[in-house]
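Trainee: Input: one structure, supplied below.
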Amino acid sequence: MSAPAEKILTRNFHRPDSHTLATYVETGGYTALPKALAMEPAQIVDVVKRSNLRGLGGAGFPTGAKWSFIPKGHAGPVYLVINADEGEPGTFKDRYLLERDPHALVEGMAISARAIGSALGFVYIRGEYVQPWRRFRAAVREAYDAGHLGRGFDVVVHQGAGAYICGEETGLISSLEGKKGWPKLKPPFPAIKGAFGAPTIVNNVETICHVPHLVNRGPEWFARLGTKTQGGTRMYSVSGRVRRPGVYEAPVGVTLRQLIYDFGGGVTGNGTLKAVVPGGSSAAILTADEIDVTMDVDGLRNAGTMAGSAGVIVMDETVSIPEALMVVARFYAHESCGQCTPCRESTGWIYKMTERIVEGRGRKEDLDTILDLSKRGAGTTICAFFDGAVGPYISYIEKFRDEFEALIPK
Ligand SMILES: Cc1cc2nc3c(=O)[nH]c(=O)nc-3n(C[C@H](O)[C@H](O)[C@H](O)COP(=O)(O)O)c2cc1C
């Protein structure tokens, strides 16, 4: 396969005016919303469940199942929160959706709100995403003027200040509430007690952009595009040492080899693949002989890594894995919110150790110390930030140990 059978989310991206209401409507936009408004909320949830749509922000949780956790018959407000923080290194897909097809998100939100019984939605946009924010805000205004919003469902657009931890759903909610973006312990999950104490569904931009298509074309169509346990297509951000870096939409059963060679055009640098990160910086690294894996949530989990945010980072033979780990470690040390001791202390020390290894000042015990801190700290913190950080710490060292040892003085 060299191209996706069909483009769904990116079908209008080539049009210079793809962000406008006129183009969205001309290409079938806002036809799903009236259908959804005529459906019972439970019917919409059922459509999403049968489609096998899974969250595309990182965790891959089944979307319909998440929606059904909203307490039945809840009397107070229910909120829909869209995660447009897109902080995972190597990931740059949501910005394209916001810039080039913002009405898909508006319509997806209005339908999703109907399904979960919400009258108010928030879109939390990463602070650095100025153009995506402008485009999305303009689309919201157009949607109000055209009467697609404001008749039982309102949207608030909120700009973050640029912190990776505010992509974690409970950190995002704290930030949205005007507090420091610190994650909270789960349970209670946001579906029970989320924004401002009310039941809240947090979903990624791309996840919700799929929703109008599910209503228009049916869950079976969507499920058939994917694998047994995950429906549809998704947008892969392909970067690093490839000839054609970019965002590519493909069915979730596409292989990593196809993404690198067919979509990305093959490896640059010295032309020989050394390693690849398949799902954003928190995903465990794969070696060149591990790329015949499908890119769906379960395919990558079975390969010992994760689909995450589908950020594919390609490294050729000239890339130094210890240096790559140092860069990643610097990011996690900088972004840890500092609430939990294992995360705050280990991310800082692991960065210091990787840095001294790269600078030729490493100590014999450093590698085992990093592995020990990673393995003992994982699962002990409030949120999954540190669990994500240990993906690279452990896999880079275990798969490329010789390269690290070669830099440590004997
Ligand atoms: C440290 C951390 C950062 C995250 N950053 C993002 C992000 O930038 N965007 C996103 O959609 N999800 C992010 N997530 C996942 C969210 O917590 C949440 O699972 C997701 O927004 C749910 O949406 P989905 O089910 O549609 O994927 C992050 C998770 C963690 C632990």
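The values are calculated or read from the model by the stated rules, or taken from the named source; none is laboratory data. Keep in mind the model is a prediction, meaning the values are calculated, not measured. Cβ atoms come from the backbone with ideal geometry, glycine included; neighbour counts cover every protein chain shown. Ligands, DNA and RNA are excluded from the accessible area calculation, which covers all protein heavy atoms including side chains. Shrake-Rupley method; radii C 1.70, N 1.55, O 1.52, S 1.80 Å.
Trainee: Would you mind checking which residues have amide H under 5 Å from T27's amide H? H placed 1.01 Å from N; only 5 or more apart, or other chain.
Mentor: none
Trainee: Looking at the chain as a GNM with Cα springs under 10 Å, which of P187, P245, P342 has the largest mean-square fluctuation?
Mentor: Highest fluctuation of the listed residues: P187.
Trainee: Same structure, new question: Would you mind working out the accessible area per residue for region 233-316, using a 1.4 Å probe, and quoting it in Å²?
Mentor: 29
Trainee: Given springs between every Cα pair under 10 Å in a Gaussian network model of the chain, which of T318, T354, T255 has the largest fluctuation?
Mentor: T318
Trainee: Moving on to the next point. What ranking of E26, E365, E206, E355 comes out by heavy-atom accessible area, probe 1.4 Å, highest first?
Mentor: Listed by decreasing accessible area, they come as E26, E365, E355, E206.
Trainee: So if we plug the beta-carbon distance of K186 and N302 into 1/(1 + (r/R0)^6) with R0 = 22 Å, what FRET efficiency do we get, rounded to 0.05?
Mentor: 0.30
Trainee: Another question, then. How many nm separate the modelled label positions at D154 and R257, each set 7 Å beyond the Cα in the direction of the Cβ?
Mentor: Rounded to a tenth, the inter-label distance reads 5.5 nm.
Trainee: Related question: For Y236, what residues show an amide H to amide H distance below 5 Å, using hydrogens built from the backbone and excluding near sequence neighbours?
Mentor: The answer is Y248, E249, A250.
Trainee: Show the residues, 5+ positions off or on another chain, whose built amide H is closer than 5 Å to the amide H of K274.
Mentor: The list, which skips near neighbours in sequence, is M315, D316, E317.
Trainee: Given 0.36 nm per residue, what is the gain on full extension from A22 to R134 after removing their alpha carbon distance, in nm?
Mentor: 38.6 nm
Trainee: Let me ask you something else. For region 235-248, just list the computed ³J(HN,Hα) in residue order, Karplus coefficients 6.51, -1.76 and 1.60, θ = phi - 60°, integers in Hz, with x standing in for Gly and Pro.
Mentor: 9, 9, 8, 10, 9, x, 8, 10, 5, 10, x, x, 9, 10
Trainee: Can I ask one more? Residue by residue, what Karplus-based ³J(HN,Hα) values in Hz, rounded to whole numbers, does region 163-175 have, using 6.51, -1.76 and 1.60 with θ = phi - 60° and x for Gly and Pro?
Mentor: 9, 4, 5, 6, x, 5, 4, 7, x, 4, 5, 4, 5
Trainee: Still on this model: Within region 149-167, list the residues whose amide N lies under 17 Å from a label point set 7 Å along Cα→Cβ of Q43.
Mentor: Of the residues in region 149-167, none has backbone N under 17 Å from the label point off Q43.
Trainee: Treating the beta-carbon of each Lys and Arg as +1 and of each Asp and Glu as -1, no other charges, what is the dipole magnitude of the chain about its Cα centre, to the nearest 20 debye?
Mentor: It comes to approximately 660 debye.
Trainee: I'd like the orientation of helix 102-116 relative to the chain: the angle between its Cα long axis and the longest Cα principal axis, in ° from 0 to 90, rounded to 10.
Mentor: Approximately 70 degrees, to the nearest 10.
Trainee: Could you order peptides 166-175, 225-234 by the average number of other Cβ atoms within 10 Å of their residues, highest first?
Mentor: 166-175, 225-234
Trainee: Step through the residues of region 50-59 one at a time and calculate ³J(HN,Hα) from phi using the Karplus curve (6.51 cos²θ - 1.76 cosθ + 1.60, θ = phi - 60°), rounding each to whole Hz and writing x for Gly and Pro.
Mentor: Couplings: 5, 6, 6, 5, 10, x, 10, x, x, 7 Hz.
Trainee: Per the 1.4 Å probe, what fraction of the accessible area of region 90-176, in percent, lies on carbon and sulfur atoms?
Mentor: 44
Trainee: Okay, moving on. Tell me, what is the 1.4 Å probe accessible area of H19, in Å² to the nearest 10?
Mentor: 50
Trainee: Show W182, W67 ordered by accessible area, largest first, where the area counts protein heavy atoms only and the probe is 1.4 Å.
Mentor: Largest to smallest exposure gives the sequence W182, W67.
Trainee: List the pairs from K72/K184; K66/K274; K352/K375; K186/K274; K72/K93 whose alpha-carbon separation is above 27 Å, in the order I gave them.
Mentor: With Cα atoms farther than 27 Å apart: K66/K274; K186/K274; K72/K93.
Trainee: Please give the solvent-accessible surface of D289 in Å², to the nearest 10, using a probe radius of 1.4 Å with every protein chain present.
Mentor: Solvent-accessible area, nearest 10 Å²: 130 Å².
Trainee: Next up: Can you compute the modelled spin-label distance between D289 and H14, with each label point 7 Å from Cα toward Cβ, in nm?
Mentor: Each label point is offset 7 Å from its Cα along the Cβ direction, giving 4.0 nm.
Trainee: Calculate for the chain the 222 nm mean residue ellipticity that helices alone would give, adding -39,500 (n - 2.57) per DSSP H run of length 4 or more and normalising by residue count, nearest 500 deg cm²/dmol.
Mentor: For the chain, the value works out to -11500 deg cm²/dmol.
Trainee: Using a 1.4 angstrom probe with every protein chain in place, what is the largest-first accessible-area order of V238, V327?
Mentor: So the residues, ranked largest to smallest area, are V327, V238.
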